[in-house]
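Chemist: Take this structure first; my questions come after.
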Amino acid sequence: MERRHLAAELHDILAHQLSLITLHLTTRDSLADRADVDETIALVSAANDRAQTDLTTLVNLMHLPV
């Protein structure tokens, strides 16, 4: 039961991080300015790294013996 709860929490965190990636990409009015492009890439890259780490944790957690 505890493992299922932790997996649900990690799922919510991962979903939030993916939503942030989408938000960063869709809320920019213009990416014509190179500084905006660089900032957006940095934000999306950081969110992606966190999402990948959390997904790895979730997968590893689900493979632990009960």
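Chemist: Give me the percent of accessible area attributable to carbon and sulfur for the chain, probe 1.4 angstrom.
Modeler: Its accessible area is 61 percent carbon and sulfur atoms.
Chemist: Follow-up. Taking the chain as a Gaussian network, where each spring joins two C-alpha atoms under 10 Å apart, which residue of A32, A46, A15 fluctuates the most?
Modeler: Highest fluctuation among the options: A32.
Chemist: Separate question: State the extension gain, in nm to one decimal, for the chain segment bounded by S45 and R4, taking 0.36 nm per residue of separation less the distance between their alpha-carbons.
Modeler: Values: separation 41, 0.36 × 41 = 14.76 nm, distance 2.86 nm.
Working it through step by step, the gained length comes to 11.9 nm.
Chemist: Given the -39500 (n - 2.57) contribution per DSSP H run of 4+ residues, what per-residue ellipticity at 222 nm results for the chain, rounded to the nearest 500 deg cm²/dmol?
Modeler: The per-residue figure over the chain is -29000 deg cm²/dmol.
Chemist: With springs only between Cα atoms under 10 Å apart, run a GNM on the chain and tell me which of L23, L55, L14 wobbles the most.
Modeler: L23
Chemist: Pick from T27, T53, T40: which residue has the top mean-square fluctuation in a GNM of the chain where Cα pairs under 10 Å get a spring?
Modeler: It is T27.
Chemist: Please give the length that would be gained between V59 and V37 if that part of the chain were fully extended, namely 0.36 nm times their separation in residues minus their C-alpha to C-alpha distance (nm, one decimal). Intermediate results must be reported in sequence, preceding the final value.
Modeler: Numbers: separation 22, 0.36 × 22 = 7.92 nm, distance 3.22 nm.
Additional length available on full extension: 4.7 nm.
Chemist: Given that just one value was derived from the coordinates, which of [x] 21, 39, 22, 13, 5, 0; [y] 19, 44, 27, 10, 0; [z] 20, 57, 22, 1 is P(r) over Cα pairs in 10 Å bins from 0, in percent?
Modeler: Correct label, based on the coordinates given: [x].
Chemist: Around L6, what is the net charge, scoring Lys/Arg as +1 and Asp/Glu as -1 over all other residues with Cβ under 14 Å from its Cβ? Please list the in-between numbers first.
Modeler: Values: positive: R3, R4; negative: E2, E9, D12, D54.
So the surrounding residues net to -2.
The values are calculated or read from the model by the stated rules, or taken from the named source; none is laboratory data. Keep in mind that what you see is a predicted model, and the values were worked out from it rather than measured. We place every Cβ from the backbone using ideal geometry, glycine too, and count neighbours over all the protein chains shown. Only protein heavy atoms, including side chains, enter the accessible area calculation; ligands, DNA and RNA are left aside. Shrake-Rupley method; radii C 1.70, N 1.55, O 1.52, S 1.80 Å.
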